[in-house]
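Structure first, then comments.
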Amino acid sequence: MKIAVAGTGYVGLVTGVALAHVGHNVTCVDIDEEKIKKMRKGNSPIYEEGLEDLMRKNKERLTYTTDYKKAYSDAEVIFVGVGTPERSDGSANLDYVYAVCDNIIESITKNVVVVIKSTVPIGTNDKVEEYLNSHVKKGIHISVASNPEFLAQGTAVRDTLYASRIVVGCEDDLARSVMEEVYRPFTQDPYNVPYLTMNRRSAEMVKYASNDFLALKISYINEISNFCEEIGADITEVTRGMSYDKRIGDKFLNSGIGYGGSCFPKDTKALHYLSVEKDVELKTVKACIDVNKHQKLHLFKKLKEDYGNKNLKGLNVAILGATFKPGTDDLREAPSIDNVKALLDYEVNVSIYDPVGLDRFEKIFGNSINYYDNIDDCIKDKDVVMIMTEWDTIKNYDIGKFSKLMKNPVIYDGRNCYPLSIVSQYKVEYISMGRKEVHNI
């Protein structure tokens with residue numbers, strides 16, 4: 001099929017490349033000419049494992065352009081994968097979605113199915129279909145389908161090709177038949193992805209309900225972790241005991257300094273905003289938002305308690321990990337940002353290491369901090385290390401080097417990267433999340 005995809009971010013580009021990989025002819029549309037030039041050379045504008053390989057492998061079926069008129073007029077299906085950032089009040093900003101709608105209205109010459117891949121508030125697909133058909137040329141009909149994404153950054157390619165499920169919300173037979181044709185290759189070998197159809201509002205709700213449930217699980221275990229610190233329990237043992245219950249499982253039970261990224265923070269706030277608007281406030285979701293906000297600075301508060309406000313000034317602190325999670329260069333809502341801002345407020349000297357996120361981090365903090373592309377140089381002669389992201393390079397780092405290279409080998413680990421049994425063998429001070437502290441110096 002001829003498919004156009006609006007937006008070349010994490011959702012749009014990965015979707016477009018995956019659709020091309022299973023045999024469709026895909027045109028990826030973006031307003032940024034520099035991004036388009038980069039993609040035409042087979043280079044991805046985002047860091048995502050395996051994406052560039054698929055872009056190059058399927059280059060005969062992939063076109064990148066800023067010419068939305070040609071892209072949309074030729075398409076049988078148009079996927080909308082643009083951002084829906086949160087507004088200051090927590091609601092979703094749909095300006096980019098409606099901007100694409102205006103371009104579609106201006107461009108199409110025949111009936112088409114528009115697929116909303118972006119995460120949008122419940123009821124948006126209905127409003128989009130009404131908007132499109134009330135403005136399009138007479139004699140043309142647009143069917144809108146809801147098709148939420150469930151990819152995770154860092155594993156987005158696999159999450160799309162071998163998805164846990166494909167959810168499609170439709171209200172008419174044309175959209176149903178077209179979407180079945182689009183996704184038929186994914187439901188067959190070697191992918192065998194479950195394909196679920198439902199009404200549009202249910203499909204929209206599946207996305208929010210799924211993401212907010214996972215965010216709730218993270219916030220819950222983080223609160224349990226904080227409580228473990230007060231009562232002398234070990235969160236790793238607690239979660240190990242919990243994980244054997246099949247009703248709970250072992251996913252999203254790692255305690256830490258909170259969630260970040262483009263989905264959980266935005267989606268929890270958007271669903272809570274909508275629930276308040278409908279006068280049925282989701283109190284558990286509100287609590288999740290509040291817990292995560294405070295959790296991000298839990299490690300910094302420990303540092304401040306240990307050193308005192310006055311003694312923080314001039315302290316040399318190395319941050320290991322900038323991105324909100326390993327496997328991506330995304331900094332959106334990353335706990336590292338909140339912690340660096342807090343450290344700078346107390347006139348701490350900050351250095352940071354990250355394998356892929358330094359360029360983006362420098363755009364935020366400029367020359368107010370120091371940047372390193374290796375851990376050795378970053379921690380050398382430092383008083384404190386704070387671990388923000390569980391990159392493999394950090395998890396596999398020789399713990400002995402902390403005592404050899406640092407001025408004072410004091411480690412605050414926000415991701416519990418190292419087993420206490422191993423850390424205890426070294427001359428370090430080690431403060432982690434929900435576990436006993438190690439004081440060997």
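The table for this structure:
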read-out	value
Linear extension gain, M198 paired with K404, 0.36 nm per residue minus alpha-carbon span	68.2 nm
Rounded, prolate or oblate (a/c below 1.5 giving rounded, otherwise prolate when a/b exceeds b/c) for the stretch 2-198 by Cα gyration tensor	rounded
The chain - share of DSSP beta bridges that are antiparallel (%, nearest 5)	10
Contour excess over end-to-end distance, with Cα ends at D172 and D290 and 0.36 nm allotted per residue	38.5 nm
Charge context of V82, other residues only, Cβ under 14 angstrom, K/R +1, D/E -1	-2
Helix 95-107 axis, angle to the chain major axis (alpha carbon atoms, nearest 10°)	20
When each of K269/K341; K70/K127; K302/K401; K37/K341; K301/K380 is checked by Cα-Cα distance, pairs over 27 Å	K37/K341
DSSP beta bridge pairing in the stretch 377-441, given as percent antiparallel to the nearest 5	20
Label corresponding to Rg and Dmax of the Cα atoms in Å when calculated from the structure given, among (i) 21.0, 74; (ii) 20.9, 68; (iii) 23.7, 79	(iii)
Separation between Cα centres of the stretch 274-333 and the stretch 182-234, rounded to whole Å	21
Total formal charge among the other residues, if their Cβ is under 13 angstrom from that of G50, Lys/Arg +1 and Asp/Glu -1	-2
Centre separation in Å (Cα based) which lies between the stretch 21-55 and the stretch 358-415	32
Bridge type composition, the stretch 104-262 - antiparallel percent by DSSP, nearest 5	10
The stretch 207-294: relative contact order in percent, alpha carbon pairs under 8 Å with at least 6 residues between	38
Rel. contact order, % - alpha carbon contacts under 8 angstrom, at least six apart, the chain	11
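Each value in this text was obtained by applying a stated rule to the coordinates, not by laboratory testing. Keep in mind that what you see is a predicted model, and the values were worked out from it rather than measured. No Cβ is skipped: glycine too gets one built from the backbone with ideal geometry, and neighbour counts run over all protein chains shown.
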